[in-house]
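Q: Questions regarding the structure given below will be posed in turn.
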Ligand code: TXA
Ligand code: MG
């Protein structure tokens with residue numbers, strides 16, 4: 001079969017061509033053909049929902065189990081009485097508020113709807129998609145269009161016409177390209193035939209918005225986990241393993257910094273990673289598909305299926321993924337990831353507290369760390385670890401000597417002066433060296449953090465932010481101090497002249513840099529060391545208590 005392609009990505013173009021394409025697609029549907037259609041959620045594989053033979057072909061083309069009913073796509077609430085009965089007034093309230101949009105409502109089935117469409121159930125799923133092209137097609141076809149997601153059964157849903165062709169080329173009569181799907185996850189399914197209404201599938205419309213309008217909603221067990229043996233989910237489709245790439249998926253839940261760390265601990269050279277944008281750089285040796293910033297669930301929803309699909313073109317043998325929290329669209333994104341994983345979940349350890357300290361010389365980092373030690377923290381001094389690795393880590397030595405030939409003496413020891421000269425005042429060379437150092441140092445610090453178990457850890461690093469170590473920290477703390485005080489402290493501590501002390505301070509980044517990039521600041525303008533320690537003790541005690549409380553709250 002040849003699959004026709006209708007390009008309707010740009011609806012501002014030639015009016016005539018657009019109308020012709022819409023008419024052609026509508027005619028195909030009316031004549032019993034299968035046509036993939038764009039919606040705001042995912043692409044649908046459409047057929048005339050009243051035509052038994054056509055609907056049967058949907059199941060064949062997708063390889064979909066016969067007991068999994070389809071959603072009827074309508075042009076609006078005015079079509080409800082044709083295909084449903086005993087419609088509660090609340091259904092109209094929801095439809096008027098959220099249609100066209102990513103909400104599917106389950107209602108009692110009307111007589112016109114054939115058994116195949118609802119897989120024999122006496123209820124029917126209905127929704128009005130929010131896509132101008134598909135709405136025009138529905139209006140012109142004049143029939144409700146039954147449309148499951150346009151993927152082969154079991155594969156991740158399609159969020160572009162290209163995805164559809166990948167799965168369906170040659171199996172269906174046509175594909176209408178309406179551009180990429182703006183929501184990216186399927187509609188929210190709400191069963192309105194019971195009291196209270198029940199969420200059968202979290203989706204593009206957050207439950208919170210529904211509850212705001214109609215009060216509390218029950219959540220079906222299939223939403224949060226696999227069903228116990230013998231129990232039937234109310235949305236038959238929720239029982240199947242879904243959205244799954246070829247490689248097995250593990251979802252790592254917990255605070256983003258922790259789940260990233262947990263994944264880092266588990267990955268090998270053939271692992272793939274789905275993570276938030278902020279953590280992508282932690283996995284330079286893996287195939288990584290970032291799904292958007294931690295705080296942008298809209299983007300995560302748009303990208304989640306694309307990420308799951310993309311691994312099938314690689315040699316990845318296992319996939320680890322971070323997971324958003326369950327608020328707003330996070331519930332739907334997390335549900336798709338967990339379904340792809342067959343609900344294989346790992347909870348990232350959440351007891352440990354990691355504080356990252358940074359700032360210029362003479363500000364009081366050492367005193368602050370002494371206080372943290374007193375409070376029971378394990379302190380990881382990055383500079384010390386770095387020097388140890390320079391002397392003993394063969395892989396790092398090899399990488400450095402390849403980039404800077406001759407800096408290691410024939411006996412294997414480092415000629416520090418020579419390395420210093422190679423990078424002194426040469427920005428590019430210094431960046432090259434730093435990239436190598438971070439590549440080896442960051443995993444080593446992470447290994448030491450792991451070793452420290454459920455304790456408080458303090459990372460001491462002047463390059464905390466540049467190395468990327470900041471992302472494993474629960475808090476990053478800028479230790480700052482007025483310049484004049486720093487000058488005096490450095491002179492006393494290192495027995496150097498004032499001029500030299502000032503030079504060292506100007507060679508470093510200003511306090512403002514650390515202040516703007518860290519999550520908190522501890523300013524040391526105390527006159528004596530004792531006073532600063534008192535301030536620091538109070539500062540860190542409070543901070544540790546606050547982080548602990550946050551973690552406890554996350555657990556509940
Ligand atoms: O966003 C969407 O809803 C997309 C686009 C194309 O509109 N469609 C979609 O369809 O996701 P599908 O077939 O992939 O998922 C429909 C889900 C299945 O889990 C199915 O079991 C459930 O809806 N469903 C359909 N009719 C039902 C009914 N009468 N009672 C309970 N669940 C039903
Ligand atoms: Mg589907």
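The values are calculated or read from the model by the stated rules, or taken from the named source; none is laboratory data. Since this is a predicted model, take the numbers as computed values, not measurements. We place every Cβ from the backbone using ideal geometry, glycine too, and count neighbours over all the protein chains shown.
Q: Take residue 78 and decide whether it is surrounded by fewer than 23 Cβ atoms within 10 Å (Cβ to Cβ), free of Cβ contacts under 8 Å to residues at least 24 places away in the same chain and either away from ligand 2 (no atom under 16 Å from the Cβ) or more than 20 Å from residue 205 (Cα to Cα) (or both).
A: Taking the combined requirement at face value, the residue satisfies it.
Q: Let me ask something else about it. In this structure, is residue 152 closer than 24 Å to residue 7 by Cβ, part of a helix (DSSP H, G or I) and either away from ligand 1 (no atom under 14 Å from the Cβ) or in the same structural domain as residue 23 (by TED's automatic domain parsing) (or both)?
A: no
Q: Criterion first (farther than 28 Å from residue 166 by Cβ and either free of Cβ contacts under 8 Å to residues at least 24 places away in the same chain or assigned by TED's automatic domain parsing to the domain that holds residue 108 (or both)) does residue 191 satisfy it?
A: yes
Q: Could you tell me whether any residue of region 480-497 is at pLDDT 95 or above, surrounded by 16 or more Cβ atoms within 10 Å (Cβ to Cβ) and either in contact with a strand residue (DSSP E or B) (Cβ under 8 Å, 6 or more places away or on another chain) or not assigned by TED's automatic domain parsing to the domain that holds residue 377 (or both)?
A: Checked region 480-497: at least one residue is at pLDDT 95 or above, surrounded by 16 or more Cβ atoms within 10 Å (Cβ to Cβ) and either in contact with a strand residue (DSSP E or B) (Cβ under 8 Å, 6 or more places away or on another chain) or not assigned by TED's automatic domain parsing to the domain that holds residue 377 (or both).
Q: Of the residues 176, 164, which is surrounded by 23 or more Cβ atoms within 10 Å (Cβ to Cβ) and away from ligand 2 (no atom under 16 Å from the Cβ)?
A: 176
Q: Scan 248, 290 and give me the residue that is surrounded by fewer than 16 Cβ atoms within 10 Å (Cβ to Cβ) and either closer than 12 Å to residue 322 by Cα or more than 16 Å from ligand 1 (Cβ to nearest atom) (or both).
A: None of the other options fit; the residue is 248.
Q: Moving on to the next point. Take the residues in region 184-206 that are touching a helix residue (DSSP H, G or I) at 6+ places or on another chain (Cβ under 6 Å) and farther than 14 Å from residue 217 by Cα, then tell me which one is farthest from ligand 1 (Cβ to nearest atom).
A: Result: 184.
Q: Given the conditions (1) outside any helix (DSSP H, G or I); (2) touching a strand residue (DSSP E or B) at 6+ places or on another chain (Cβ under 7 Å); (3) buried (at least 21 other Cβ atoms within 10 Å of the Cβ), and given that residue 338 satisfies all but one, which numbered condition is not satisfied?
A: So the condition that residue 338 fails would be (1).
Q: Same structure, new question: Of the residues that sit in region 9-41 and are within 16 Å of ligand 1 (Cβ to nearest atom) and touching a helix residue (DSSP H, G or I) at 6+ places or on another chain (Cβ under 7 Å), which one is nearest to residue 144 (Cα to Cα)?
A: Ranking the candidates gives 29 first.
Q: Now for a separate question. Is it the case that residue 360 is surrounded by 16 or more Cβ atoms within 10 Å (Cβ to Cβ), over 33 Å from the mean Cα position of the chain (by Cα) and not in a helix (DSSP H, G or I)?
A: The answer is yes for residue 360.
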